[in-house]
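Every number here is computed from the coordinates shown, using simple stated rules; none is lab data. The shown structure was predicted, so the numbers you read here are calculated from the model rather than taken from an experiment. With ideal geometry, Cβ positions are generated from the backbone for all residues, glycine too; neighbour counts draw on all protein chains shown.
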Amino acid sequence: MEALFTTEALSALLTLTFLEIVLGIDNILFISVVAGKVAEQHRKKATQWGLLLAMFLRLGLLLGISVFLQMQKTFFSFKHSLLSVDLNGQSIILAVGGLFLLYKSTKEIFEKVEGHQQGPKDDRSSYSFNRALLQIIAINLVFSFDSILTAIGMTNGLVGALEIMAIAVIISVIIMMIFAGPVGSFIEAHPSLQVLGLSFLLLIGFMLLAEAAHLSHLVVWNQAVGAVPKGYLYFAIAFSLGVEFINMKIRKR
């Protein structure tokens, strides 16, 4: 326990907690979009369940970290002069999650543009809640992998790394649970922010596909796919939100 109170460990804990919250923006966006599709009386419940599942999935991955690390091993390899790839479990999960996000966000944007209705409210309150929960579980698994990959990189070589990662995950999810409700309500009340949030999910979907390609060492025409720095992604999100908030102020006037 003393190792957790060293300057190095506390610094890693604070940095990792902050990064987990930033990475959790993806999760909050998706959960807010999905929860907004169920009946109003079930939205808070869907959001809380979604974030709790995110925490338990992350902690579960930490407890089974040896299995998680084994998923980095290549189980299928393809070599050609034009294309080379080494598939592993982590890259496949991220690729499937990226494709799911692209499909889901494109479908939601289409429905909002075309004005399609969800149907009777009674159906939404019974069927859509279960459907939303399944979608949240699926995407939580993908975001959990991304989150734990970051955590492992941050705490590599530290004494008590597992405890530091677990504490950071719990603190970050508690903070997200506090702010997820107001964020979800704010997004639901502003249609332009809903479309912007769905556009962010498109961007995150492409990033997950790029990360999957990087983890599988994809080489196309002798060009390796490199890692996409997450700083670019979150700068684009922050910049777009800043512009949208300015537009909202102008529209109010």
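Summary table
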read-out: Charged-residue dipole, Cβ positions (Lys, Arg, Asp, Glu), the range 2-252 about Cα centre, Debye nearest 20; value: 580
read-out: Extension gain, ILE178 back to GLU114 (0.36 nm per residue minus Cα-Cα distance, nm); value: 19.7 nm
read-out: C-alpha long axis of helix 230-252 to longest principal axis of the chain, angle in °; value: 20
read-out: Label point distance in nm, THR6-GLN48, each placed 7 Å from Cα along Cα→Cβ; value: 4.0
read-out: Inter-label distance, nm, simple model (7 Å from Cα along the C-beta direction), LEU82/VAL96; value: 2.8
read-out: R0 of 22 Å, Cβ-Cβ distance PHE18-VAL228: FRET efficiency to nearest 0.05; value: 0.65
read-out: Under the Karplus curve 6.51 cos²θ - 1.76 cosθ + 1.60, θ = phi - 60°, whole-Hz ³J(HN,Hα) for the range 48-57, x wherever Gly or Pro sits; value: 5, 4, x, 6, 5, 4, 4, 5, 5, 5
read-out: Which of GLU211, GLU108 has the fewest Cβ neighbours within 10 Å, and the rest in rising order; value: GLU108, GLU211
read-out: Label-zone membership for the range 218-253, site HIS190, 7 angstrom Cα→C-beta point, backbone N under 14 Å; value: 238-253
read-out: Gyration tensor verdict on the range 167-207 (Cα atoms; rounded if a/c is under 1.5, prolate if a/b is larger than b/c, oblate otherwise); value: oblate
read-out: On Cα atoms only, tilt of 191-215 relative to the major axis of the chain in degrees; value: 20
read-out: Sequence-separation-based contact order of the chain, relative, with Cα cut under 8 Å and 6+ spacing, percent; value: 36
read-out: Per-pair calculated FRET efficiency, R0 = 35 Å: LYS73 and LEU134 via Cβ, rounded to 0.05; value: 0.75
read-out: Kirkwood Rh in Å, taken over the range 2-252 so that all alpha-carbon pairs contribute; value: 19.5
read-out: Crossing angle, helix 7-35 versus the chain [Cα axis fit, 0-90 degrees, rounded to tens]; value: 40
